[in-house]
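Novice: Below you will find the structure I want to go over with you.
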Amino acid sequence: MTTLTVILVIVAILLALTGIVGAIVPALPGPPLAFAGLLTTYFVFPGEISGSTMIVMFTLTVVVSILDYVAPIIMTKMGGGSKSGVTGTTIGTIVGLFFMPAGIIWGPFLGALIGELIHGASLGKSIKVAFVSFISFLLTTGFKLILSIVMTFLTMAAAWSHITG
């Protein structure tokens, strides 16, 4: 392997691993980073990953990325929440990162609760909206994490196959 190939493999694996982190950390676009790692591997080792796999992974990356932004809004509104609840969830998620691991669980919930209370909703309604918003956060995070792990596995498997084969 050439030096450039080694560097590109390292970059691909780092992108894929950062994608896993990004699936949980809101500031990083997890699945797109993992896909970038997979795409790098696709071009570095032609034939190790099929074109149809790339199309499926790209489509899932786009769908999950859109859902990540749309699902909390839809689910919070379905739960009777306001824009303040959605904003609170986002802020709570970011603040929760500083209080890991519990913060990643309590941040979105408390953020939605506080957002709804500030909006003027009753405590009961605010708790309901916070719970729905929290469930949405868990679902989208789970989807992003699973997809990022799959793409990281494919990236590493292709690199390993080429190196050992």
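The values are calculated or read from the model by the stated rules, or taken from the named source; none is laboratory data. Bear in mind the structure is a predicted one, so any value in this text is a computation, not a measurement. Here the Cβ positions follow ideal geometry from the backbone for every residue, glycine too, while neighbour counts run over all protein chains shown. Quick note on the areas: whole protein, heavy atoms, side chains included, nothing else; ligands and nucleic acids left out. Shrake-Rupley method; radii C 1.70, N 1.55, O 1.52, S 1.80 Å.
Novice: Rounded to the nearest 20 Debye, what is the dipole magnitude of region 41-158 about its Cα centre when Lys and Arg each give +1 and Asp and Glu each give -1 at the C-beta? Numbers along the way, then the final one.
Specialist: Values: 5 positive and 3 negative charges, 76 e Å.
So the dipole magnitude of region 41-158 works out to roughly 360 debye.
Novice: Report ³J(HN,Hα) in whole Hz for each residue of region 54-60, in order, from the Karplus equation J = 6.51 cos²θ - 1.76 cosθ + 1.60 where θ = phi - 60°; Gly and Pro get x.
Specialist: 5, 5, 4, 5, 5, 4, 5
Novice: Continuing with this model, one more query. Under a point spin-label approximation (7 Å from Cα along Cα-to-Cβ), what is the Ile135-Ile10 distance to one decimal in nm?
Specialist: If labels sit at Ile135 and Ile10, their model points lie 4.7 nm apart.
Novice: At what distance in angstrom do the alpha carbon centres of region 4-27 and region 81-129 lie from each other?
Specialist: Region 4-27 and region 81-129 have Cα centres separated by 30 Å.
Novice: Sorted by average packing, counted as other Cβ atoms within 10 angstrom per residue and highest first, what order do 95-102, 23-30, 81-88, 54-61 take? Write down the numbers at each step before the final one.
Specialist: Working: 95-102: 12.6, 23-30: 18.4, 81-88: 22.6, 54-61: 15.6.
By packing density, highest mean first, the sequence is 81-88, 23-30, 54-61, 95-102.
Novice: Regarding region 90-165, what whole-number volume in Å³ per residue does the convex hull of its Cα atoms give?
Specialist: Values: hull volume 6.4 nm³, N = 76.
Value for region 90-165: 85 Å³ per residue.
Novice: State the volume of the convex hull built on the alpha-carbon positions of region 85-130, expressed per residue in Å³ and rounded to an integer.
Specialist: Per-residue hull volume (Cα only) is 48 Å³.
Novice: Using the heavy atoms of the protein chains and a 1.4 angstrom probe, tell me the accessible area per residue for the chain in square angstrom. Numbers along the way, then the final one.
Specialist: Values: 8880 Å² over 165 residues.
Computed with neighbouring chains in place, this is 54 Å² per residue.
Novice: Sticking with this one: Using a 10 Å cut-off on Cβ atoms, rank the peptides 137-144, 65-72, 125-132 from the highest mean neighbour count down.
Specialist: Numbers: 137-144: 18.8, 65-72: 16.4, 125-132: 21.2.
My ranking of the peptides, most packed first, is 125-132, 137-144, 65-72.
Novice: Run down the aspartates and glutamates and flag those whose C-alpha is under 15 Å from the C-alpha of Lys144, throwing out any fewer than 8 positions away in its chain.
Specialist: Asp68
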